[in-house]
1. Find the residue count for the range 196-209, including only residues that are closer than 22 Å to GLU236 by Cβ and within 11 Å of the ligand (Cβ to nearest atom).
2. Return a yes/no flag: does the range 248-255 have any residue that is in a helix (DSSP H, G or I), over 21 Å from the mean Cα position of the chain (by Cα) and either among the hydroxyl-bearing types (Ser, Thr, Tyr) or over 26 Å from PRO139 (Cα atoms) (or both).
3. Of the residues ASP264, ASP215, only one is modelled with pLDDT under 95 and either under 20 Å from ASP196 (Cα atoms) or not in a helix (DSSP H, G or I) (or both); which?
4. Does the range 54-70 hold any residues that are in contact with a helix residue (DSSP H, G or I) (Cβ under 9 Å, 6 or more places away or on another chain) and away from the ligand (no atom under 12 Å from the Cβ), and which are they?
5. State yes or no: is GLY130 modelled with pLDDT of 95 or more, surrounded by 21 or more Cβ atoms within 10 Å (Cβ to Cβ) and of a type outside the set (A, V, I, L, M, F, W, C)?
6. Quick one: how many residues across the range 56-70 are in contact (Cβ under 8 Å) with a residue 40 or more places away in the chain and either within 23 Å of ILE198 (Cα to Cα) or not aliphatic (A, V, I, L, M) (or both)?
7. On the given criteria, is TRP190 within 16 Å of the ligand (Cβ to nearest atom), surrounded by 14 or more Cβ atoms within 10 Å (Cβ to Cβ) and at pLDDT below 95?
8. Are there any pairs with C-beta distances below 6 angstrom linking a residue in the range 118-136 that is farther than 15 Å from GLY101 by Cβ and within 10 Å of the ligand (Cβ to nearest atom) to a residue that is β-branched (Val, Ile, Thr) and assigned to a strand (DSSP E or B), with the two at least 6 apart or on different chains, and if so which?
Amino acid sequence: MLLALQKVREEERSKKKQSTSKSSPPIIPSTPLPATPPPATTTINRRPPSLLERIFDVVVAKNLTCQLRILQDPNGLQYGHGATVWDSALLLGKYISIYEGRAALLQKDVKVLELGAGCGLSGLVASCLGVDVTLTDLPNVLPLTQINIDKNKDVLRTAIAFSKFNHEDVHRSKDVVAKPLDWTKTESMWENEKFDVILGADLMYDIKLAKPLADTIARLLASPSSVVIIGHEHREDHVDDEFTQAFLTQGFVLLEVPRKGRWDDDLSIYTLARRNEAQANDTCTEQ
Ligand SMILES: C[S@@+](CC[C@H](N)C(=O)[O-])C[C@H]1O[C@@H](n2cnc3c(N)ncnc32)[C@H](O)[C@@H]1O
């Protein structure tokens, strides 16, 4: 009887011991660890996991659509606002590839500048059409811009070979380069640079940048017939007003391009017109 009672107590003690030791891992793993580690499943040359890819189709010619692959780094604090492709860049990309903006680019020997390019989508779309493009941004953003130029080199080569101006000489290459340009500084390297088309997406968001941006555009335009096309996301009226005023001070009026089918209400495409030309033009709406 005593023996039986002792056995029951021992069993209870052993159960209790098992239940209290549940939370700590067993010292000896139930399945033995392999002697050699399993082979790595990641492949060499993979891009860093933080970079997200965005694909954008560009109609280069009747029978050729090219796919740009744009890498964004939403976690890369060093790239600031330039780390991702903004909605107005997607709209600007569309406007210059399939809508009226295309005509401005398809002029012989046109030199195109993209301001605040970030990941560089709009400028790379322009490059697909076979024109010289210079992508610019703050020095800290340029490494990402350059990653995207490099990533799309082969696509650009194919697109440029098929572009309107290369039919006689398919091996002629049009440059796409990335250079630092800070609107708040007047740097000597830009003194003699002039452009026929200036592109910009989502640049009008900080009132401190209104005057520097307007001054930079005025300085870099080649001639009165040069074209400025801006993709814009409306956020705050007073910010839009500040940029409108800064452009007016430089003698420009922001003209909103009539909207197409399914454009987001918050997004617009603007062109810049000289003040007196704009007064004569009643087909566009003044902002
Ligand atoms: C909202 S992001 C737009 C990026 C790109 N255009 C897009 O839409 O995807 C604004 C861009 O303007 C650039 N930027 C801001 N201040 C600038 C300055 N003072 N000079 C040149 N670029 C500037 C930022 O670095 C950033 O790339």
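The values are calculated or read from the model by the stated rules, or taken from the named source; none is laboratory data. All values derive from a computational prediction rather than experimental measurement. We place every Cβ from the backbone using ideal geometry, glycine too, and count neighbours over all the protein chains shown.
1. Matching residues across the range 196-209 total 9.
2. Taking the range 248-255 as the starting set, the residues that turn out to be in a helix (DSSP H, G or I) are 248-249.
With over 21 Å from the mean Cα position of the chain (by Cα) added as a condition, the list becomes 248-249.
Still in the list and also either among the hydroxyl-bearing types (Ser, Thr, Tyr) or over 26 Å from PRO139 (Cα atoms) (or both): 248-249.
Within the range 248-255 (the criterion being in a helix (DSSP H, G or I), over 21 Å from the mean Cα position of the chain (by Cα) and either among the hydroxyl-bearing types (Ser, Thr, Tyr) or over 26 Å from PRO139 (Cα atoms) (or both)), the answer is yes, since at least one residue qualifies.
3. ASP264
4. Matches in the range 54-70: ASP57, VAL58, VAL59, VAL60, ALA61, ASN63, LEU64, CYS66, GLN67, LEU68, ARG69.
5. no
6. Our first condition is that a residue be in contact (Cβ under 8 Å) with a residue 40 or more places away in the chain; within the range 56-70, this holds for 56, 58, 60-61, 64, 66-70.
Keeping just the survivors that are either within 23 Å of ILE198 (Cα to Cα) or not aliphatic (A, V, I, L, M) (or both) gives 56, 58, 60-61, 66-70.
Of the residues in that region, 9 qualify.
7. yes
8. Taking only residues 6 or more apart or on different chains, the pairs are CYS119/ILE70.
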